[in-house]
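Just so it is clear, none of the values below were taken in a lab; they were calculated from the coordinates. All values derive from a computational prediction rather than experimental measurement. Don't worry about glycine lacking a Cβ; one is built from the backbone with ideal geometry, like all the others, and counts go over all protein chains shown.
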Amino acid sequence: MHFTGLFNFPYIKRFYFARFISNFGNGMSPIALAFGILNLPKGDANMLGLVLGSTTVAMLIMSPFGGVLADKFGRIRAVAFADLVASAGLFVQVAFFATGDVPLIVLLIVNINFGLMWGIFWPAMSGVLPALVPDEHLQSTNSVNNFFSNGAIILGAAVGGIIVAGWGATWALAIDAATFTIGGIVLLTFRHASPAGVKTENSMFDDLIHGWKIFISFRWIVIGVLGFSFVILAWAAGENILGPLIALKEFNGAKSWSLVLAFEGIGLLIGSVIGLKIKLKYPLRFLLIISFSISLYMWSMAKPQSIWFIAFCALLWGITLDLWITIWSTAMAREVPREALSRVSSFDAMGTMLLRPVGLAIAGPLSMAIGISNTLYFLAIFSAVLIFAMLATPAMRNMQISDVKEPD
């Protein structure tokens, strides 16, 4: 089927629209929140790391339960609920930013709420497309979804940098909050497409244990999740904390960093196009080889190189990241029993993001102790060693996705 034929499936257009709108806001939020906090009277790298870390910790706590809720009550319903509740908290944050000062407790409450909703959203989202399209079209629809989402992130990053530099972070944060509201409302219009799971006498704890057993039965998932959690640690420390500091110190602040994030978004977009048709005998081997782009990205910021070279390295990492998302989600949807997919995805989400708060927490103190450049050199070497280690494991290197006959 040509990719345009994918739009003939019921509800798929509304799904893509909802993801485009939400991700337009997501493109703005890293720039708006980072520079919004750094420009507060008491804002610094440690405060930024604490706030971003609290979001991830909340997501980690909620994620296993989010998977159970999604499997029991419907994945589209769960995603819509998460979007709407998250947006309500974000509007509270906007109101405080409009006053010119935001107490740390408000930042923590709002972003913990966002993290809790993220913990519902991520595992639930893994089961939305499988509910809307046949298995043989999953990789194509995942790629098209990523194409629209990444295009929105690019646009959001570019517009966000302009808005933050010209009018301040408050406006960008307000737009971000509104996009979650719109996305959630659109999803509610076809919530019935993902009906609630079959009711059982099992408790939530029983469902968690069952999901965990399925998760650990796939060796490639366990190794991939564990290894990538360390890669996420390095990426979070470098891009979310040290990158904005370098942009303020060496370049042109929010405008410069929005350029880097926009190029990363372009990389995501390119990855989406590649993911539409790419067929690989050993997909994880390929993904791990191209993952050395994260090490190059960290190294480029260490010197630092020119802003354009940093942006180019971000683009390469964006391509890598999108292909990981597309191929990994396709592999899980093909290999994991469908009735347990959201629960397994919840452990995937929890494990993958487990060390992100550590990266966010140590970036500021470590950079003050040994310097920003030395910290980034360390992250570059650290991530390269991790990737080599994952490549050395046969379960990752030799993993293959089950074939599904593609229709004409």
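In degrees from 0 to 90, rounded to the nearest 10, what is the angle of the helix 204-217 Cα long axis to the longest principal axis of the chain?
90
Could you sort out which of 13/255; 13/277; 42/249 sit more than 26 Å apart by Cα distance in this structure? Write out the running numbers ahead of the final one.
Values: 13/255 33 Å; 13/277 20 Å; 42/249 18 Å.
Exceeds cut-off: 13/255.
Got a sec to turn the phi values of the range 261-277 into Karplus ³J(HN,Hα) couplings, 6.51 cos²θ - 1.76 cosθ + 1.60 with θ = phi - 60°, whole Hz, x for Gly and Pro?
Couplings: 5, 5, 5, 4, x, 4, x, 4, 5, 4, x, 4, 5, 4, x, 4, 10 Hz.
Convert each backbone phi in the range 307-312 into a coupling constant with the Karplus relation 6.51 cos²θ - 1.76 cosθ + 1.60 (shift: θ = phi - 60°), then list the ³J(HN,Hα) values in order as whole Hz, x for Gly and Pro.
4, 6, 5, 4, 5, 5
List 219, 19 from most exposed to least, where exposure is judged by having the fewest other Cβ atoms within 10 Å.
Sorted ascending by nearby Cβ count, the order is 219, 19.
Which distance in nm do the two modelled labels at residue 95 and residue 162 give, with both placed 7 Å along the Cα-to-Cβ direction?
With each label point 7 Å from Cα toward Cβ, the separation is 3.1 nm.
Helix 356-370 against the longest principal axis of the chain: what's the angle in degrees, Cα atoms only, rounded to the nearest 10?
30
Restricting everything to alpha-carbon atoms, can you work out Rg to Rh for the chain with a Kirkwood hydrodynamic radius? Each step should come with its number before you reach the end.
Numbers: Rg = 20.1 Å, Rh = 21.3 Å.
Ratio value, two decimals: 0.95.
Which length gain, in nm to one decimal place, applies between residue 395 and residue 216 when the Cα-Cα distance is subtracted from 0.36 nm times their residue separation?
63.2 nm
Could you compute the net charge surrounding residue 349? Neighbours are other residues with a C-beta less than 13 Å from the C-beta of residue 349; K and R count +1, D and E count -1.
+1
Compute the helix-to-body angle for 75-97: its Cα long axis versus the longest principal axis of the chain, expressed 0 to 90° and rounded to tens.
Between helix and principal axis, roughly 10 degrees.
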